[in-house]
Amino acid sequence: MEKTTEPSLDLIWGLEGIAQAIGRTVRQTHHMLSTGKIPAKQVGNRWVIERSKLIAFFMDSAA
């Protein structure tokens, strides 16, 4: 029987984790998330984003 490998998601959870990943303060990151400037989703009361989407977002906006 063949084992199928699904791609694993590299998720960044929480305001602090996202802030650290983008090199911003928690306050700056909260503003960017709540105004929709970062394409993250809110799950319950926590923010989450896939690392590759976050990188792609900033690579796009830098171009």
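The values are calculated or read from the model by the stated rules, or taken from the named source; none is laboratory data. Worth saying up front: this structure is predicted, and the values here are computed from it rather than measured. We place every Cβ from the backbone using ideal geometry, glycine too, and count neighbours over all the protein chains shown.
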Residue check for ILE55: of a type in the set (Val, Ile, Thr), outside any loop (DSSP other than H, G, I, E, B) and either under 8 Å from the mean Cα position of the chain (by Cα) or closer than 19 Å to LEU9 by Cα (or both):
yes
Of the conditions (1) part of a helix (DSSP H, G or I); (2) at pLDDT 95 or above; (3) touching a strand residue (DSSP E or B) at 6+ places or on another chain (Cβ under 8 Å), ALA19 fails just one. Which one is it?
(3)
Picking from LEU9, LEU54, the residue that is surrounded by fewer than 16 Cβ atoms within 10 Å (Cβ to Cβ), at pLDDT below 95 and among the hydrophobic types (A, V, I, L, M, F, W, C) would be LEU9
